[in-house]
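Q: Next up is a structure, given as structure tokens.
The values are calculated or read from the model by the stated rules, or taken from the named source; none is laboratory data. Since the structure is predicted, the reported quantities are computational estimates derived from the model, not experimental observations. Virtual Cβ from ideal backbone geometry, glycine too; neighbours counted across all protein chains shown. Remember, those area values only see protein heavy atoms, side chains included, never the ligands or the DNA or RNA. Shrake-Rupley method; radii C 1.70, N 1.55, O 1.52, S 1.80 Å.
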Amino acid sequence: MVSDRIFGLVILTVALGYVLSATQIQMSFLSDPVGPRTFPYLIGGVMALCGVTVLVRPDPDPDWPGPRTFGALALTVAALVAYAYLLKPLGFLLPTALAAGFLSYQISPRPVQATVTGVALSVGLFLLFRYALGLGLSAVPKTWLG
């Protein structure tokens with residue numbers, strides 16, 4: 001119950017900050033009747049309602065996972081952050097294959113299957129994004145192409 005109440009308070013605080021920041025949006029004299037503030041106000045209002053609901057009606061205390069699970073989650077977050085940073089300098093194929101292979105290994109620790117999954121997903125996503133969706137991805141770093 002305590003963790004839900006803390007979470008509800010955090011959500012309520014973020015929602016109020018979001019609504020307060022939305023009040024700083026400049027209104028143009030050529031804006032539509034609804035205005036640019038309406039959507040942020042709606043999002044902040046729904047967030048505040050959810051935060052209050054969690055504060056008022058918390059669930060019973062959960063069984064938290066052990067340190068091993070938190071370690072695996074930390075490694076996964078680190079892998080995704082590294083992927084985001086390596087995507088531009090190394091191109092799409094290599095970082096995507098490494099990240100997908102690592103995540104596949106996290107799900108099912110079979111090295112050969114994780115490697116095949118990472119490479120297949122990398123190539124498949126590249127073909128989909130590049131040719132089906134028309135995105136301008138570079139497969140490898142431009143320095144490798146000369």
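Q: Being within 30 Å of residue 20 (Cβ to Cβ) and assigned to a helix (DSSP H, G or I) narrows it down to one residue among 52, 112; which is it?
A: It is 52.
Q: Can you name every residue in region 80-92 that is at pLDDT 95 or above and crowded, with 16+ Cβ neighbours inside 10 Å?
A: Scanning region 80-92 gives a single hit, 83.
Q: Quick one: what pairs do we get from region 81-96, first residue more than 12 Å from residue 125 (Cβ to Cβ), second assigned to a helix (DSSP H, G or I) and open to solvent by 50 Å² or more (accessible area, probe 1.4 Å), C-beta under 6 Å, 6+ apart or different chains?
A: Pairs found: none.
Q: Sticking with this structure for a sec: Considering only residues of region 110-129 that are touching a residue at least 12 places away in the same chain (Cβ under 8 Å) and either over 13 Å from residue 96 (Cβ atoms) or not hydrophobic (A, V, I, L, M, F, W, C) (or both), which is surrounded by the fewest Cβ atoms within 10 Å (Cβ to Cβ)?
A: Ranking the qualifying residues of region 110-129, first place goes to 115.
Q: In addition: Residues 59, 63: which one is among the acidic types (Asp, Glu), without any contact (Cβ under 8 Å) to a residue 40 or more places away in the chain and not in a helix (DSSP H, G or I)?
A: Every option except 63 fails the conditions.
Q: Check whether at least one residue in region 9-19 is surrounded by 10 or more Cβ atoms within 10 Å (Cβ to Cβ), part of a loop (DSSP other than H, G, I, E, B), outside the structural domain of residue 102 (by TED's automatic domain parsing) and not acidic (Asp, Glu), and report yes or no.
A: For region 9-19, residues surrounded by 10 or more Cβ atoms within 10 Å (Cβ to Cβ), part of a loop (DSSP other than H, G, I, E, B), outside the structural domain of residue 102 (by TED's automatic domain parsing) and not acidic (Asp, Glu): absent.
Q: Take the residues of region 20-37 that are among the polar types (S, T, N, Q) and modelled with pLDDT of 85 or more: which is surrounded by the fewest Cβ atoms within 10 Å (Cβ to Cβ)?
A: The selected residue is 24.
Q: Name every residue in region 32-61 that is under 23 Å from the mean Cα position of the chain (by Cα) and either of a type in the set (Val, Ile, Thr) or not assigned by TED's automatic domain parsing to the domain that holds residue 9 (or both), in order of residue number.
A: 43, 46, 54
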